[in-house]
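Trainee: This is the structure I have questions about; it appears just below.
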Amino acid sequence: MVDSIVAATASSANATDSDIAKAKLAEDLDSFLTLLVTQLKNQDPLDPMDANEFTSQLVEFAQVEQQIQQNANLEEILQAQQLSNLGSVVSYIGKYAEVISDQMPLENGASKMSYTLFDNASQTQVTVRNESGTVVHYEQGETSAGTHYMEWDGIDGQGVQHPDGIYQITVSATGPDEVPIEVGYTTFGQVQGVRTDNGDAYLELSNGHFVSLDGVLSVAEPPGGDEDLVN
């Protein structure tokens, strides 16, 4: 019984919320002491309990309490670090970010994206689809290996201006034997805000999408601003 109480408390100490772990420790310690007093009252005077047993249990409780306190200290350090990181990321608001994504935002009749061919291609086609999946634009792409940039003004082949929104880019590239070539995508959008989720920071782009910092390749001043690029 006593062993199970200590084991349960040790498990609680691994929780991220140290306050909950402390409350659980106090509850388990109270249960342990109640059990201990009951056992002492009902022990056989001719065969008393071994004091070493419950002393070792008290030592275990003390060790668990120390572990919980260490976890609490680590939580405070992590929270301070997260606030510091968030303060740095806030400076990105208003700037333009290049992010790993095949979702291209069309804003004020302008959009920009890049695609990277991981090998030379025999033919490459770039297809743009709207949010309904309808093809609204396509063009022949570059065939040499490397990164290539594409800009689109939202006008299709019939001269129709499409509204601002999110458009999906698909680049189909094949080699000499019509073997598909791997393609990587990045798009660009203005940073409108920052939010955190479970300690991780995310940039909110003007297209309404959120992207983790791991997916951000660069942040730069808006067009016409300083050429200060933040990697």
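We did not get these values from a lab; they are worked out from the coordinates using the rules stated. None of these values were measured; they are calculated from a predicted model. Virtual Cβ from ideal backbone geometry, glycine too; neighbours counted across all protein chains shown.
Trainee: How long is the gain from residue 91 to residue 210 if the chain were fully straight, where each residue apart is worth 0.36 nm and the alpha carbon distance is subtracted?
Mentor: Contour length minus the Cα-Cα distance gives 41.2 nm.
Trainee: For the stretch 183-192, in order, what is each residue's ³J(HN,Hα) by Karplus, 6.51 cos²θ - 1.76 cosθ + 1.60 with θ = phi - 60°, in whole Hz (x at glycine and Pro)?
Mentor: Result, rounded to whole Hz: 10, x, 10, 9, 10, 10, x, 7, 7, 9.
Trainee: Sticking with this one: At 0.36 nm per residue, and after removing the present C-alpha to C-alpha distance, how many nm does the segment from residue 153 to residue 221 gain when stretched out fully?
Mentor: Value of the extension gain: 22.4 nm.
Trainee: Contour minus end-to-end for residue 110 and residue 161, with contour as 0.36 nm per residue of separation and end-to-end as the Cα-Cα distance?
Mentor: Difference between extended and current length: 17.3 nm.
Trainee: Ok, one more. Output the Kirkwood hydrodynamic radius of the stretch 96-230, Cα pairs only, in Å rounded to one decimal.
Mentor: About 15.8 Å, per the Kirkwood formula over Cα pairs.
Trainee: Suppose a student asked you for the relative contact order of the stretch 96-230, using Cα pairs under 8 Å spaced at least 6 residues apart; what percent would you report?
Mentor: 33 percent
Trainee: If I model a spin label at residue 195 and residue 144 as a point 7 Å from the Cα along the Cα→Cβ vector, what separation in nanometres do I get?
Mentor: 4.2 nm
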